[in-house]
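The values are calculated or read from the model by the stated rules, or taken from the named source; none is laboratory data. None of these values were measured; they are calculated from a predicted model. Positions of Cβ are backbone-derived with ideal geometry, glycine not excepted, and every protein chain shown enters the neighbour counts. Please note that ligands, DNA and RNA were not included when accessible areas were found on the heavy atoms of the full protein model with its side chains. Shrake-Rupley method; radii C 1.70, N 1.55, O 1.52, S 1.80 Å.
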Amino acid sequence: MTLAEVVLGAAFTGLVAYALFGGADFGGGVWDLLAGGTERGRAVRDRIERSIGPVWEANHVWLIFVFVVLWTGFSRAFAAAVTTLYIPLTLAALGMIARGAAFAYRKSVGTPGMQRFFGAAFALSSLLTPFFLGAVVGGVASGRVPPGIAEGDVVRSWVNPTSLLGGTLAVLVCAYLAAVFLCGDARRDGEHDLAEAFRLRALLTAAVTGAVGLAGIAVLRADAPVLFDGLTGRGLPVVLLSVAAGLAALGLLLVRRYTVARIASALAVTAILAGWAVGQYPYVLLPELTVDEAATGRTTLVALLTALSAGMLVLLPALVYLYVLFQRPADHRDRPGACH
Amino acid sequence: MLALEFLAGTAENLYPARMQMALSLGWHIVFACFGIAFPAIVVFTEWRGHRRDDAVLTALAHKWAKAMGVLFAAGAVSGTLLSFEMGILWPGLMGRFGEVFGFPFVLEGFAFFVEAIFVGVYLFGWNRLSPRAHMLSALPMVAAGIVGAFCVVSANAWMNNPTGFRLDEQGNVVDARPWAAMFGPSTWAQFVHMWLAAFMVTGFLIASVYAVGMLRGRRDHYHRAGLLIPLTVAAIITPVQIGVGDWIANVVADNQPAKLAAMEAQYETTAGAGLSIGGVYRDNELHYAVEIPYALSLLIHHDPDGVVLGLEEFPAGERPPVNVVHLAYNTMVGIGTALLGLAAWFGLVWWRRRRLPHTAWFLRAVAVSGVAAVVAMEAGWITTEVGRQPWIVYGILRTADAVSPAPGLGWGLVAVVGVYTVLTTFTVVVLRRLARDRATLAPQEGQR
Ligand code: HDD
Ligand code: HEM
Ligand code: HEM
């Protein structure tokens with residue numbers, strides 16, 4: 001492995017983390033959208049809110065992480081991709097603003113009308129943002145981003161069959177992950193009805209995702225032949241792993257083994273992304289810019305790698321602490337000024 | 001018509017892109033200030049409340065912690081937009097120099113990650129951690145605020161004084177040294193000035209909220225403490241900030257003489273230059289200004305006869321827009337001086353009598369000090385950023401050459417103006433509600 005590949009691998013790992021944590025987070029919003037009227041959907045919405053409240057900000061820093069590593073380590077390819085794909089990216093960024101603000105504020109506003117408005121903004125942007133991000137991936141994966149600044153078609157680079165597939169899959173995967181994660185959370189807090197409801201949702205989305213994935217093969221074959229060849233050639237083992245993990249997750253959901261089902265689901269999603277990476281290797285921008293050509297100077301890559309290693313030493317324990325703390329119920333010690 | 005024009009292509013993208021960047025940054029920076037300074041103030045208050053067993057202080061700390069949660073959310077989402085915009089709007093900058101100055105943003109990414117995690121821990125853990133563990137969980141936020149601010153500001157300082165690379169004959173970057181690029185001549189002065197500004201903005205703004213409350217007759221312990229703690233912080237920092245202002249002005253004089261000339265609206269290179277306040281710059285001359293003789297040479301060179309370079313030294317195409325820079329600079333310094341007066345008033349009365357000045361005028365002054373500090377900080381940034389024009393990387397890359405040529409880019413400005421108008425309105429609504437009602441929850445607190 002070259003130095004450049006290691007750095008790109010780190011950015012890719014960040015992307016996987018974003019897909020898993022940020023994805024589950026977006027998916028929560030999708031289920032919020034589909035939860036039904038104010039009264040009927042209340043239990044589901046409360047559950048989602050409690051599950052993502054303390055972690056939603058941290059979940060989204062992963063994307064920032066991917067960005068900054070790419071613009072430092074692969075500056076020109078980064079500039080090419082974001083300028084050609086600036087429309088879906090801007091829309092995704094605005095979606096993140098709407099979503100974050102609506103989620104943060106809706107608890108703090110009084111009138112039901114305002115709460116409903118924020119709720120709708122939150123839910124809708126949870127659906128649209130992953131769609132646009134998936135469309136961006138589709139644009140890159142189908143080789144529609146030439147290596148110069150804004151050289152690609154700013155519309156057709158993301159309005160095309162592969163992008164449509166990418167966007168749809170992104171939304172489905174988010175919804176699926178959220179449902180699986182929420183099953184476990186609900187059961188932990190003794191909300192067995194909700195756990196059952198999310199289990200059903202997880203099973204349904206898994207089936208739909210699988211079907212779309214299968215249909216997607218035909219789309220890629222027609223629209224992104226290079227990626228298709230990679231996926232069916234070198235990438236085949238990874239694709240098969242993804243299928244196996246997905247089936248395992250289904251089985252585990254059926255027998256209500258939620259914790260292991262989470263792991264299997266995460267593995268399946270990771271494998272889908274890895275399939276994309278393996279499929280387009282060694283190119284950063286299909287069909288010609290390779291990883292090593294796109295990388296910046298050695299000093300910068302070494303600095304990046306140093307910073308990433310040191311940073312992870314700080315970050316990982318902190319993240320684990322957050323997620324562990326967050327699984328712990330409140331003990332309501334009586335502090336003056338506490339509001340409960 | 002204007003709208004159609006700027007949708008047409010490259011050159012037309014420049015103006016909307018600059019405005020979009022300025023709006024997004026100007027919005028974000030207010031919340032970034034809270035991210036830097038608020039954790040320290042909140043945990044200090046919590047600690048005092050705990051030490052003295054003072055339920056009022058603890059309640060104050062909890063209220064502030066919730067406000068911090070809301071402000072942090074606003075800072076995080078606006079920061080996310082910024083990281084998109086850096087690439088979308090300025091590919092000429094990021095594509096060519098990303099390997100030189102993109103690096104501090106990576107470190108910043110970690111700092112914000114840590115901050116986001118511990119904001120979650122701190123708020124969610126309010127009733128779940130022991131007081132000691134809870135207070136300790138605030139320290140990573142304080143540290144991350146410092147590191148994060150240093151990193152971003154160092155990226156900006158690099159744009160002002162680029163170092164840490166060489167250009168070959170074709171203008172390609174060779175030999176990029178990202179660590180060196182972080183420590184250019186402007187970095188330390190800019191960082192310290194910004195860090196102190198964050199404490200001034202946060203301190204005066206919070207104090208001003210309670211000053212308004214006291215003016216309405218609520219003079220209980222809660223309101224007095226809510227005014228005293230942040231005001232003390234801000235009042236101690238103000239004189240230091242003015243000293244640092246002198247330092248940073250000297251750094252600008254040494255490294256960016258065209259910016260300094262624009263700040264002072266000085267056309268001719270002059271020995272024994274006077275300091276001009278206000279006025280309108282037209283046809284290479286400043287009209288209607290008040291001038292303090294020799295003051296500029298004294299400030300810059302600590303010598304009344306020192307020579308200050310004027311705009312005439314620079315080709316017309318390399319001069320920044322003078323009026324904006326001069327006015328913004330005067331605004332910052334003027335407000336800084338006024339806040340120094342307020343701090344001195346407060347400090348003197350407190351030192352002699354151990355109480356706040358009795359007059360309502362004092363409370364009125366504190367009530368406007370928060371907005372004034374924000375204006376000073378925005379004006380400072382406008383000085384820095386507009387004063388660098390026409391360069392995005394001083395002396396090396398023009399802003400016009402860095403902007404994206406993508407068609408339709410101008411709509412981004414329209415969208416961002418719309419989104420920020422709505423967002424600002426709601427942020428104010430939510431914070432006001434949070435201020436009135438104790439049961440309202442912050443976004444990171446998990447339960448009802
Ligand atoms: C509360 C905020 C505040 C206050 C009271 C002051 N400043 Fe300031 N100033 C800032 C907040 C600020 C800032 C927003 O933080 C800037 C923008 C960029 C930077 O690093 O700091 C800044 C920039 C800035 C610059 C431009 C630096 C550059 O372009 O590199 C100069 C020369 C000064 N300041 C000088 C002063 C002086 C002489 C002050 C004395 C009264 C002063 N500032 C008060
Ligand atoms: C430290 C982080 C910052 C970075 C990296 C940064 C970067 C940039 C960039 C890339 C541009 C566009 C190119 C240019 O016009 O030169 C810009 C312009 C601008 N920024 Fe900043 N900026 C920072 C902080 C701020 C803040 C906090 C403000 C607050 C108001 C601000 C105000 C502006 C303005 C007014 C412009 C437009 C200048 C003009 O074109 O006339 N900047 N900045
Ligand atoms: C002087 C300029 C700046 C300062 C001092 C600053 C400081 C901060 C701080 C302290 C935070 C933590 C969140 C909060 O407290 O609200 C934050 C958030 C953020 N900032 Fe800035 N920032 C500046 C400019 C920029 C620029 C130019 C960018 C992007 C290119 C940026 C990107 C971000 C991002 C992505 C976040 C969100 C991280 C999270 O999710 O917590 N900031 N900023």
Could you run through the range B:386-400 and say how many residues are assigned to a helix (DSSP H, G or I) and under 13 Å from B:Arg18 (Cβ atoms)? 4
Could you list, in sequence order, the residues of the range B:138-150 that are within 12 Å of chain A (Cβ to nearest Cβ) and crowded, with 23+ Cβ neighbours inside 10 Å? B:Met141, B:Ala144, B:Gly148
Would you confirm whether any residue within the range B:75-82 is more than 9 Å from ligand 3 (Cβ to nearest atom), open to solvent by less than 20 Å² (accessible area, probe 1.4 Å) and part of a helix (DSSP H, G or I)? no
Within the group A:Leu15, A:Leu20, A:Leu8, which residue is away from chain B (no Cβ under 12 Å), assigned to a helix (DSSP H, G or I) and touching a strand residue (DSSP E or B) at 6+ places or on another chain (Cβ under 9 Å)? A:Leu8
Restricting to the range B:351-364, what's the tally of residues that are in contact with a helix residue (DSSP H, G or I) (Cβ under 8 Å, 6 or more places away or on another chain) and without any contact (Cβ under 8 Å) to a residue 60 or more places away in the chain? 3
Qualifying position, being within 16 Å of ligand 1 (Cβ to nearest atom) and more than 20 Å from B:Thr45 (Cβ to Cβ), among B:Val233, B:Val280, B:Val252: B:Val252
Among the numbered criteria (1) buried (at least 21 other Cβ atoms within 10 Å of the Cβ); (2) under 30 Å from A:Thr299 (Cβ atoms); (3) of a type in the set (Asp, Glu), which one does A:Glu57 miss? (2)
Pairs under 9 Å by beta carbon, first residue at the interface with chain B (Cβ under 7 Å from one of its Cβ atoms) in the range A:292-305, partner aliphatic (A, V, I, L, M) and open to solvent by 30 Å² or more (accessible area, probe 1.4 Å), six or more apart or different chains? A:Gly297/B:Val174
Among (1) at the interface with chain B (Cβ under 7 Å from one of its Cβ atoms); (2) surrounded by fewer than 24 Cβ atoms within 10 Å (Cβ to Cβ); (3) within 30 Å of B:Asn172 (Cα to Cα) - the single one A:Val69 does not satisfy: (2)
Just need a number here: residues in the range A:36-48 that are of a type outside the set (D, E, K, R) and without any contact (Cβ under 8 Å) to a residue 12 or more places away in the chain. 3
Scan the range B:108-133 for residues that are surrounded by fewer than 22 Cβ atoms within 10 Å (Cβ to Cβ) and either more than 9 Å from chain A (Cβ to nearest Cβ) or near ligand 3 (Cβ under 9 Å from one of its atoms) (or both) and jot them down. B:Arg132, B:Ala133
Specify which of the listed residues (A:Arg234, A:Arg256, A:Arg221) is closer than 23 Å to A:Val140 by Cβ and not in a helix (DSSP H, G or I). A:Arg234
Tell me whether the range B:401-409 contains one or more residues that are touching a Gly at 6+ places or on another chain (Cβ under 8 Å), in contact (Cβ under 8 Å) with a residue 12 or more places away in the chain, open to solvent by less than 50 Å² (accessible area, probe 1.4 Å) and assigned to a helix (DSSP H, G or I). yes
In the range B:159-176, which residue that is within 16 Å of ligand 2 (Cβ to nearest atom) and touching a residue at least 60 places away in the same chain (Cβ under 8 Å) is surrounded by the most Cβ atoms within 10 Å (Cβ to Cβ)? B:Asn160
Please indicate, with yes or no, whether at least one residue in the range B:399-406 is more than 15 Å from ligand 1 (Cβ to nearest atom) and more than 30 Å from A:Leu94 (Cβ to Cβ). no
For the range B:209-222, check the following and say yes or no: at least one residue is among the acidic types (Asp, Glu), under 30 Å from B:Phe314 (Cβ atoms) and open to solvent by 40 Å² or more (accessible area, probe 1.4 Å). no
Considering the range B:283-341, residues that are polar (S, T, N, Q) and more than 13 Å from ligand 1 (Cβ to nearest atom), and then whichever is surrounded by the most Cβ atoms within 10 Å (Cβ to Cβ), we arrive at B:Ser297
May I ask you to list the residues in the range A:80-96 that are in a helix (DSSP H, G or I) and more than 7 Å from every other protein chain (Cβ to nearest Cβ)? A:Ala80, A:Ala81, A:Thr84, A:Ile87, A:Pro88, A:Leu91, A:Ala92, A:Gly95
Taking the range A:97-121 as the search range and keeping residues that are of a type in the set (Phe, Trp, Tyr) and crowded, with 23+ Cβ neighbours inside 10 Å, which one is farthest from the other protein chains (Cβ to nearest Cβ)? A:Phe103
A:Thr129 passes all but one of (1) over 30 Å from A:Gly251 (Cβ atoms); (2) under 16 Å from the mean Cα position of the chain (by Cα); (3) away from every other protein chain (no Cβ under 12 Å); which number fails? (3)
